[in-house]
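Input: a single structure, listed below in structure tokens.
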Amino acid sequence: METRLIGKSFLDGKPLEIFISEGKIKSVLPSASSPKNFWIGPGFTDIQVNGYGGLDYNSIQSDFLALGQISKKLLQCGVTSHFPTIITNSPEKISALIQQVVQLRKMDSLAHSCISGVHIEGPFISPEDGPRGAHFREFVQAPNWYLFQKWIEESEGLIRMITLSPEWEGSASFIEKCVESGILVSIGHTNASHAQIMNAVKAGARLSTHLGNGMHSIIARHPNYLWSQLAAENLSATIIADGFHLPAEVIQVFRKVKAEKLMIVSDSVALAGMPPGDYDAAVGGKVTLTPDGKLHLFGNPNTLAGSAMNILQGINFLLKNKLADLPEAWQMASKRPQRLFEPTFDPFQIGRNPDLILAEQASDQTLKILKVLKNGVEIPLD
């Protein structure tokens with residue numbers, strides 16, 4: 001099986017030609033020309049997926065193999081790798097949800113290749129209203145290394161990331177143990193002081209989870225945990241770029257401060273990818289999904305009930321609103337998150353079984369996916 005891709009590089013817009021044979025990159029060469037609006041780059045990596053297309057990683061399924069549909073649906077959007085994200089719950093429920101993902105990967109080869117890690121978001125977060133977000137208060141607790149170590153073992157090494165708040169006593173020691181175990185630690189859903197955040201960074205925390213969300217609606221002018229995370233040079237940050245979670249001007253500021261350390265996630269819930277309408281959600285109860293993709297509490301448009309976007313929609317929001325050019329927006333959803341876990345990641349490396357996308361840029365600057373390759377094999381697009 002041979003594939004030839006011609007388009008502009010996602011890195012700099014220069015035309016290139018990639019030749020793939022037997023699932024491996026054989027050559028990457030400059031091209032004399034390329035179709036005007038065709039671009040080539042790595043598949044998108046979404047490190048925060050709670051669910052998608054009516055399926056939920058945070059619910060025990062009667063048929064857990066149905067969760068494999070999430071990988072298939074995300075591939076249609078160019079997402080070639082993702083992290084199922086398991087949020088605050090009882091320790092027993094979290095264990096069961098972890099084991100459900102492990103079994104899914106063992107029995108579904110496509111899910112195995114698309115699920116590149118598990119993200120545990122909680123339960124070691126702030127118990128306060130506001131920073132806690134939609135997480136269940138009754139299950140929030142202080143960091144517990146023995147409990148987390150149990151989850152690592154149950155995941156068979158699949159847990160690669162945890163979101164926590166360093167406001168708890170002993171957080172720095174917990175973070176150090178995570179780092180020693182190869183787990184990326186991200187600060188989120190926090191009410192931590194400046195000193196606590198700086199101590200977390202010193203202990204090895206490297207990321208802020210959906211910066212600007214999971215906060216009090218009103219915070220002190222200064223100091224506050226938003227300024228502290230923005231000021232921490234060693235902290236990268238993810239944002240939800242759906243147009244609802246953050247105003248465009250906030251994204252502009254975050255981009256100026258974090259520069260190449262800023263990336264996007266979907267933080268999608270199960271209703272992402274579903275038709276507009278009213279639904280009963282596991283978190284939030286009665287909710288409404290609007291035609292423009294806003295998910296809010298039923299009868300209360302001002303209160304969000306989660307994110308109903310995918311990463312491609314996030315990229316397109318950045319492009320349409322001129323918050324980033326195409327190379328930067330693409331890298332925010334691919335190269336940058338990949339390099340959190342694979343510092344030398346090179347999507348065009350000779351001999352690699354590549355995850356690649358061929359996309360066309362429309363007149364409104366947004367991207368349309370034309371081809372998706374997973375491990376060097378083209379995935380049929382519906």
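The values are calculated or read from the model by the stated rules, or taken from the named source; none is laboratory data. Remember, predicted model here, so these are calculated numbers, not experimental data. Cβ sites come from the backbone with ideal geometry, for glycine too, and all protein chains shown count toward neighbours. Areas reflect the complete protein model, heavy atoms only, side chains present, ligands, DNA and RNA absent. Shrake-Rupley method; radii C 1.70, N 1.55, O 1.52, S 1.80 Å.
In region 97-111, the residues that are within 14 Å of GLU153 (Cα to Cα) and open to solvent by less than 30 Å² (accessible area, probe 1.4 Å) reach residues that are among the acidic types (Asp, Glu) and at pLDDT 95 or above with C-beta atoms within less than 7 angstrom, at least six apart or across chains, in these pairs: ILE98/GLU154; VAL102/GLU156.
PRO354 fulfils the conditions (1) part of a strand (DSSP E or B); (2) open to solvent by less than 10 Å² (accessible area, probe 1.4 Å) except for a single criterion, (1). Annotation: GLU233 fulfils all but one of (1) open to solvent by 30 Å² or more (accessible area, probe 1.4 Å); (2) closer than 14 Å to SER126 by Cα; (3) over 19 Å from the mean Cα position of the chain (by Cα); the unmet one is (2). Would you tally the residues in region 96-132 being of a type outside the set (A, V, I, L, M, F, W, C) and within 22 Å of ILE175 (Cα to Cα)? Matching residues across region 96-132 total 11. Contact list please: Cβ distance under 8 Å, first residue in region 58-74 and open to solvent by 50 Å² or more (accessible area, probe 1.4 Å), second residue hydrophobic (A, V, I, L, M, F, W, C) and assigned to a helix (DSSP H, G or I), pairs at least six apart or on different chains. Once the first residue is open to solvent by 50 Å² or more (accessible area, probe 1.4 Å) and sits in region 58-74, its partners that are hydrophobic (A, V, I, L, M, F, W, C) and assigned to a helix (DSSP H, G or I) give ILE60/ALA96; ILE60/LEU97; PHE64/LEU104; LEU65/LEU104; LEU65/MET107; LYS72/LEU110. Checked against the criteria, GLY188 counts as open to solvent by less than 20 Å² (accessible area, probe 1.4 Å) and within 25 Å of ILE152 (Cα to Cα). Taking ILE240 as the residue in question, decide whether it is within 23 Å of GLY53 (Cα to Cα) and out of contact with any Leu (no Cβ under 6 Å at 6 or more places or on another chain). Yes. The set of residues in region 250-269 being of a type outside the set (Asp, Glu), open to solvent by 20 Å² or more (accessible area, probe 1.4 Å) and touching a residue at least 60 places away in the same chain (Cβ under 8 Å) consists of GLN252, ARG255, LYS261, VAL269. Taking the criterion of being more than 24 Å from GLN100 (Cβ to Cβ) and either part of a strand (DSSP E or B) or open to solvent by 50 Å² or more (accessible area, probe 1.4 Å) (or both), the residues of region 146-182 that qualify are TRP168, GLU169, SER173, GLU176, LYS177, VAL179, GLU180. The residue list PHE317, PHE345 contains one member that is surrounded by 14 or more Cβ atoms within 10 Å (Cβ to Cβ) and in a loop (DSSP other than H, G, I, E, B), which is PHE345. For region 32-53, the set of residues classified as surrounded by fewer than 19 Cβ atoms within 10 Å (Cβ to Cβ) and either farther than 16 Å from LYS371 by Cβ or among the aliphatic types (A, V, I, L, M) (or both) consists of ALA32, SER33, LYS36, GLY53, listed by residue number.
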